[in-house]
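The values are calculated or read from the model by the stated rules, or taken from the named source; none is laboratory data. Since the model is a prediction, treat every value here as computed from it, not as a measurement. With ideal geometry, Cβ positions are generated from the backbone for all residues, glycine too; neighbour counts draw on all protein chains shown. Note: areas computed on protein heavy atoms with side chains; ligands, DNA, RNA excluded. Shrake-Rupley method; radii C 1.70, N 1.55, O 1.52, S 1.80 Å.
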Amino acid sequence: MALFDAQVTSRLLDLAGRWLSGFGEGYFTVESAGHEGDAAVAAALRPTDPALLHARSGAFYCVRAAQAAGAFPPAPPPPAPAADTAFTASPDAAPGAADLGTSPDTTSREKRSTNRDAERSWSESAPRGAVSYQDLDADPGAGGAAGSLPSGAGIVVDADGDATAGVPDLPQPAPDDAYAAAARDVLRGIVASAEEPAAGGRAKVFGRAGLAVVPTTSTAGSHLPRAVGLGLALERLRRGARPADDEAEAAPWPADAVVVCSFDDGAVDHATTAAALHTTGWYDHTGLRIPVLFVCADSGASAEGWVTATLRSRPGIRYFAADGTDAAVTYRVAAEAADWVRRQRRPAVLHLSTVRLMGQGDGDAARDPLLATARLLVTSGYAGGEELLARYDERGWQLRRVAEEVLDEPKLASPVEIVRELAPRRPVRVSRAVSEAAAHAAGPGAGARAEAFGGKPPELTGPLTLAQSINAALADGMLDHPGTAVFGHEVAARGGVYGVTEGLRDRFGAARVFDTLPDETSILGLGLGAGLAGLLPVPEIRHLTSLLGAEDQLRGEAATMRFLSRGAFRNPMVVRVPGLASAEGLGGHDRNDSSLGALRDVPGLVVAVPARPDDAAPMLRTCLAAARVDGSVCVFVEPIALYHVRDLYTDGDDEWAAEYAEPGTWADRHVPIGRARVYGIGSAEDLTIITFGNGVRMSLRAAATLAEEGVGSRVVDLRWLAPLPVADIIREASATGRVLVVDETRRTGGVGEGVLSALVDTGYVGAARRVAALDSFVPLGPAARQVLVSAEAITQGARTLLAR
């Protein structure tokens, strides 16, 4: 009966969404009709198992709410495996609608849309597929005898010895039971109420921290890579890894938790789904444990047999299947699958045959899971048809009351409210975290630090290159944060593509520095899940072009987590990526790319581009601290061409290399997010050059040439491209009244456009000019010089500007 209540609530929520949208008050109509069998899946799991749900998971959410409130019957012991429902993926796979009357009182809602049909009820709003339940036989005995007496049945024996079983009347739903509370959550999302518990009116999602339901975006399959990462992280934490704040109890999930991740058959053909399943199987093949239960709701939209063939053929992922319209069968198989994943700590997929009803499809109404559950209750003698219809009506009135209440709740009404949880910045706390790391490295952690660096810390090794400085800062970060993990394609075995992570696995072990598949979507997914589990992931992507291929994991998943959960969930992460171009176009256009616009466009994302070795280490420390303190998602773009450069003006001058700062100076040399670095050349009164990355070295060389001509320049290294250091830009531009923007990204959509816009927006009235790369891909060899920025082009651009 509890499953029936959840399914009824979910179906009525679909009707409520249509009712609300009918008069302009509902803003989301993706419906769960036909997918209510996932209520049984929720019942087979624990309320502490993290769940990442797709958009048709209303019944699952209702059951999870009831479980968390203690209002759902405890689950019986898991059933024994059934041969007809459980299959291994391959021979070598591992063993073992009520009429609710008129519209709301118009005297209290005069401002509502006049497009609403005041006499139209929820049931009249239901399209084809919203089946009436009048065909339920009111006689509990009709349609088959019960196999056993229902719980609560009484037996009366008369004088002649005849026994009569009596079933007690069903209690009506309580006005504010757990299902009503779940319905309130969902309805608040539909009407964009600011009091909605997950996104607070920013989006309609299934999510709530207290229910262990992690909000996901509606992009098909985009949440699966995160689920894989979360499963891997949970297992690592269970085996002794420590969360980023060094507190064992900080891990938000139980040690034996199972990650459940649902998706529909439409997502099976998406690249992110394929990547997640492939990565899961690969890790299982290599012996790593990932306790994830994938749940595919298959409504039959794909070619017949395709989804089954796709899911069953996945190596390393055990396959289970059930009729998702039959609650009893679904529960039995789901319980078996969940128990297998929990005991084995290995992945499985539960393939449910479902149907899409109402506005989301034209499925077979005879397979309606709600009708099937009702018939099961009637034929088993647990309830009569009239009782269930009365219960359905009563629940409908309950939801009608809740819907009217949420209509009057406040909406988000200001930009500040909307962006409050997008990416909070607490620079004082970040600075304090850097200071604390410095104090630890110079004090209690000095011995461990000396041992990690083989007795010779980096500040004693002489001037370092950009790559060496990043390597040392990563090591210091891992010493400071026990939950920090560095991973990516060949970062452990080879030190990454450019050797930046060389030696880290030897110092910190394979559990914290490890190799992954080369697929960027999967690498970012591992980071998303690890951050959600309380670790501090530092994934490396091989090239900037590769990162852009998986950019939705940053835009749609990483950057939206706080936005969709009001800060209840975070996925801190520092993504390292070699980027920008080399003068000779070494490796071709796929290894030389300056397309940073796609990253700068992501709300809340921090984009850092260190140019100098003595900036790289403090900027990386700032990113790690911001991730830990604020849950920030940072992209740390490392200029390929500057990795191993030591000289600035002439060969052998060693002026580009820099000493690594000793811990005692870290606090004083802290680089806050959004602050630029300024170099004064000559009098520094004639020209301001604003640049970043490779442009810094070229601009300093150009400024030296101009100084010989009597021109004094200020060279501004932006360092942070998102957010831009606007205050520094305006101050330095105003100091000379002449601005040359040097932008190695493309002329169209490049960083320079953002700098010039900032100047215009703040009322700058001086002269300005731009030197930028051409709108072209970077060709191979010397031809690259024809499209990229050069020191000569900067010098000539400055002369032209000064001649105005």
Residue that is under 22 Å from residue 639 (Cβ atoms) and either modelled with pLDDT of 95 or more or surrounded by 16 or more Cβ atoms within 10 Å (Cβ to Cβ) (or both), where the choices are 472, 485
472
When the residues of region 342-373 are filtered to those that are touching a Lys or Arg at 6+ places or on another chain (Cβ under 8 Å) and β-branched (Val, Ile, Thr), which remaining residue is farthest from residue 57 (Cα to Cα)?
349
I want to confirm something. Restricting to region 587-604 and keeping residues that are in contact with a helix residue (DSSP H, G or I) (Cβ under 8 Å, 6 or more places away or on another chain) and at pLDDT below 80, which single residue is surrounded by the most Cβ atoms within 10 Å (Cβ to Cβ)?
592
Checked pairs for region 397-413, first within 15 Å of residue 27 (Cβ to Cβ), second among the basic types (Lys, Arg) and open to solvent by 50 Å² or more (accessible area, probe 1.4 Å), C-beta under 9 Å and 6 or more apart or across chains, list as none
Count of residues meeting criterion [in contact with a Pro (Cβ under 9 Å, 6 or more places away or on another chain), under 25 Å from residue 566 (Cα atoms) and open to solvent by less than 10 Å² (accessible area, probe 1.4 Å)] in region 387-420:
2
Somewhere in region 513-520, is a residue surrounded by 24 or more Cβ atoms within 10 Å (Cβ to Cβ) and farther than 19 Å from residue 236 by Cβ?
yes
Quick one: what pairs do we get from region 9-30, first residue closer than 22 Å to residue 368 by Cβ, second of a type in the set (Phe, Trp, Tyr), C-beta under 7 Å, 6+ apart or different chains?
9/179; 15/122; 16/122; 17/28; 19/122
State all residues of region 1-42 that are open to solvent by 10 Å² or more (accessible area, probe 1.4 Å) and among the small types (Gly, Ala, Ser); if no residue qualifies, say none.
2, 21, 22, 24, 26
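Table: residues versus (1) of a type outside the set (A, V, I, L, M); (2) open to solvent by 30 Å² or more (accessible area, probe 1.4 Å); (3) more than 24 Å from residue 555 (Cα to Cα).
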residue	(1), (2), (3)
731	yes, yes, yes
741	no, no, yes
747	yes, yes, no
751	no, no, no
765	no, yes, yes
768	no, yes, yes
Hey, any hits in region 689-696 for a residue that's part of a helix (DSSP H, G or I) and open to solvent by 10 Å² or more (accessible area, probe 1.4 Å)?
yes
Taking the condition out of contact with any strand residue (DSSP E or B) (no Cβ under 6 Å at 6 or more places or on another chain), more than 20 Å from residue 330 (Cβ to Cβ), part of a helix (DSSP H, G or I) and not basic (Lys, Arg), does residue 437 pass?
yes
Top-ranked residue in region 191-212 [being over 13 Å from the mean Cα position of the chain (by Cα) and open to solvent by less than 10 Å² (accessible area, probe 1.4 Å); ranked as nearest to residue 297 (Cα to Cα)]:
212
Hydrophobic (A, V, I, L, M, F, W, C), open to solvent by less than 10 Å² (accessible area, probe 1.4 Å) and either at pLDDT below 95 or touching a helix residue (DSSP H, G or I) at 6+ places or on another chain (Cβ under 8 Å) (or both), is that true of residue 724?
no
